[in-house]
Amino acid sequence: MENTIIAEGKTTNEAIENGLKKLKVSRDKVEIKVLENEDKRSFFSILAPRVVKVELKLKEESKVNIKEKKEIILSEEEQEKAKNNVEMFMKDFVKQLPEDTEYSIEKGKSGLNVSINSEKLGFLIGYRGETLYAMQNILTAVAGKGLEQRVRVILDIEGYKAKREKTLEELAEKVAKTVIRTRKPVKLEPMKAYERKIIHSKLQENNKVETTSIGEEPHRRIVVSLKNN
């Protein structure tokens, strides 16, 4: 990840927010220097589009806390080993679940996709998917047994993630309308990184509102506010 970037915007605040989104950090994690101020415009540039440039530099403590995720590439042998590890675990695990429970394991270069299906697995999903993610962590540990390379395991139960994604997209649209109507920012409840990404993506093309993540994990949340046009 870059430690210093140059960001642009129509106003100083917009330029800063654009830079924060690129760095994926909150405002208190960077040092800000205005390179081109909107107030300092010459006579000859008055007809040109207004562009403000700012320099954002990560503070030293932020450099330590932010770890760039390395791309995972597993060999065919590693993929097969990981799949066999999870297969052995799942064979015993499903014996504790309803009789009609079925599961599938798909291998890939970055890890495994595991799906468990039945009509009575709500208890395995838990509130907001908490139990599901705990289970996903367990499968990740199981998959990597005997391997030096980290194995990424994505678990889904009863199609929960697709349903959750739809719910979050609907929430994003509803909140955006509220922000536009009231002209006041709305702070959402803390969410997991992948859930925040859904909100950010859904509102990315909205030309009236913008999203910013604030706070520290596991309490990091999104703020939806009006764009400074």
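The table for this structure:
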read-out: Pick from the stretch 47-63, criterion under 23 Å from the mean Cα position of the chain (by Cα) and at pLDDT 80 or above, ranking: surrounded by the fewest Cβ atoms within 10 Å (Cβ to Cβ); value: LYS57
read-out: Residue within the stretch 119-129 that is surrounded by fewer than 18 Cβ atoms within 10 Å (Cβ to Cβ), at pLDDT 95 or above, within 23 Å of the chain's Cα centre (by Cα) and outside any loop (DSSP other than H, G, I, E, B) present; value: no
read-out: Sole residue being among the acidic types (Asp, Glu) and touching a strand residue (DSSP E or B) at 6+ places or on another chain (Cβ under 7 Å), chosen from GLU165, GLU106, GLU78, GLU148; value: GLU106
read-out: Neighbours by Cβ (under 8 Å, 6+ apart or cross-chain): first from the stretch 159-175, under 19 Å from VAL223 (Cβ atoms) and not assigned by TED's automatic domain parsing to the domain that holds ARG196; second modelled with pLDDT of 90 or more and part of a helix (DSSP H, G or I); value: none
read-out: Of all residues making up the stretch 98-110, the number that are within 25 Å of PHE123 (Cβ to Cβ) and surrounded by fewer than 17 Cβ atoms within 10 Å (Cβ to Cβ); value: 6
read-out: Which listed residue, of LEU139, LEU188, LEU147, is among the aliphatic types (A, V, I, L, M), outside the structural domain of VAL224 (by TED's automatic domain parsing) and buried (at least 18 other Cβ atoms within 10 Å of the Cβ); value: LEU139
read-out: ILE32 farther than 16 Å from SER225 by Cα and either at pLDDT below 80 or surrounded by 14 or more Cβ atoms within 10 Å (Cβ to Cβ) (or both); value: yes
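The values are calculated or read from the model by the stated rules, or taken from the named source; none is laboratory data. Remember, it's a predicted structure, so these values are computed and weren't measured experimentally. Cβ: placed from backbone, ideal geometry, glycine included. Neighbour counts: every protein chain shown.
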